[in-house]
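The values are calculated or read from the model by the stated rules, or taken from the named source; none is laboratory data. Because the structure is predicted, anything quoted here is derived from the model rather than measured. Using ideal geometry, Cβ is built from the backbone for each residue, glycine included, and neighbour counts are taken over all protein chains shown. The area values use the complete protein model at the heavy-atom level, side chains included, leaving out ligands, DNA and RNA. Shrake-Rupley method; radii C 1.70, N 1.55, O 1.52, S 1.80 Å.
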Amino acid sequence: PTLAASHPGTPRAVANALPPMASARHDGPSTPRVLLMGARRAGKSSIQKVVFHKMSPHETLFLEPTNKLVKNDIANSSFVQFEVWDFPGHVDTTSAAVKPELTFGGCSALVWVIDAQDDHAEALARLQATIGTAYRINPSIVFEVLVHKVDSFSEDQRIECQRELQAHLSEELTAARLQHVKVNFHLTSIYDHSVFEAFSKVVQQLIPQLPTLESLLDILVASCRIEKAFLFDVVSKIYIATDSSLVDMQSYELCADMIDVVIDVSCIYGLGEGADDGTGSTASNCVITLNNGTALFLREMNRSLALVCILKESVMQQQGLLEYNCASFRKALGELFRLPNQPK
């Protein structure tokens, strides 16, 4: 995209022995696969329903235990396309029954859910055995552990629980001569944004263009004096990329809540699916000003993706330049991913 000139000091422009599966599909070799594993009642299905199927956290109390392997296609956009395999808690994930070569061989990420309120010993032993089997078959698997149901814990209790689990698993892996395997830990609950933030990290591992996306966002942030920028999958409210500055949980929650506000308002006052406002553009644009001199800026990239930024209210005085930069960013995304409905 062409760069726009700017004066010094102002923003510049951007340049199956298992039980029957609940659903079936023709597996494409290019579709990343995420395995969701853990003990019974650890919260695996609840996490999936809340994050990807918009279920209310309170409704998950009535979910039946998973008794068979469930495959779900997640195809919210050209960016976010993968499968989630939800394994029953009673299945031995290291046995021949799960067909390890098939299951782990084509896997991109393994997410293990541990109930923080339950006894950890058995779960960690099973996790260590599963890591050993999976890593032997596919060393490129990304291992993520969700320390789940921490909503009733104090901050100190959360930190201590995670520390104990990490130390215990490290001992188990060292004893099995797997100390070189990297395992990421996340504290999660379905009653706040933590589970969305954790799954954002998981999904980012599935996007090979992530470094380029982060570089584009870094350029946008530097050019427009933006404090933080997220590229959201609107359907699930997970962010598929952000700039290189550290993610503050409060900032993420603000941006995620803004998406809910825009969707709710659009449902009432929007043009409707496929409607045209006469300008040939379907992109939504929203600015929310907070009482601390900060503004939230949202620009729709396509029907499934939205750029949400946190910036100083004073930067909005250069909104024309900000709009130009976002258009340039969208064009760069189109070239990178060939987005649908790309304007010519």
So in segment 46-60, with the set limited to residues that are within 14 Å of the chain's Cα centre (by Cα) and surrounded by 21 or more Cβ atoms within 10 Å (Cβ to Cβ), which one is nearest to Asp233 (Cα to Cα)?
Val51
Which pairs do you get when a residue that is under 14 Å from Ala42 (Cβ atoms), found in segment 99-114, comes within reach of a residue that is among the basic types (Lys, Arg) and open to solvent by 10 Å² or more (accessible area, probe 1.4 Å), reach meaning Cβ atoms under 6 angstrom, with the pair 6+ apart or on two chains?
Val113/Lys44
If only one of Ala17, Ala5, Ala13 is out of contact with any strand residue (DSSP E or B) (no Cβ under 7 Å at 6 or more places or on another chain), surrounded by 14 or more Cβ atoms within 10 Å (Cβ to Cβ) and modelled with pLDDT under 90, which one is it?
Ala13
Can you tell me how many residues within segment 86-130 are under 13 Å from Leu169 (Cβ atoms) and either in contact with a strand residue (DSSP E or B) (Cβ under 6 Å, 6 or more places away or on another chain) or basic (Lys, Arg) (or both)?
5
Just a yes or no: is a residue in segment 265-285 assigned to a helix (DSSP H, G or I), open to solvent by less than 60 Å² (accessible area, probe 1.4 Å) and at pLDDT 90 or above?
no
Looking across segment 180-214 at residues that are over 18 Å from Val34 (Cα atoms) and among the hydroxyl-bearing types (Ser, Thr, Tyr), the single one that is most open to solvent (accessible area, probe 1.4 Å) is Tyr191
So which residues in segment 40-64 are within 16 Å of Val150 (Cβ to Cβ), part of a loop (DSSP other than H, G, I, E, B) and modelled with pLDDT of 90 or more?
Ala42, Gly43
Qualifying residue in segment 135-152 (condition: farther than 25 Å from Val50 by Cβ, open to solvent by less than 70 Å² (accessible area, probe 1.4 Å) and not hydroxyl-bearing (Ser, Thr, Tyr))
yes
Is it the case that some residue within segment 76-97 is assigned to a helix (DSSP H, G or I), β-branched (Val, Ile, Thr), within 26 Å of Val150 (Cα to Cα) and open to solvent by less than 40 Å² (accessible area, probe 1.4 Å)?
no
All helices (runs of 4 or more DSSP H) inside segment 146-228 with 2 or more residues being on the phi > 0 side of the Ramachandran plot and among the acidic types (Asp, Glu)
none
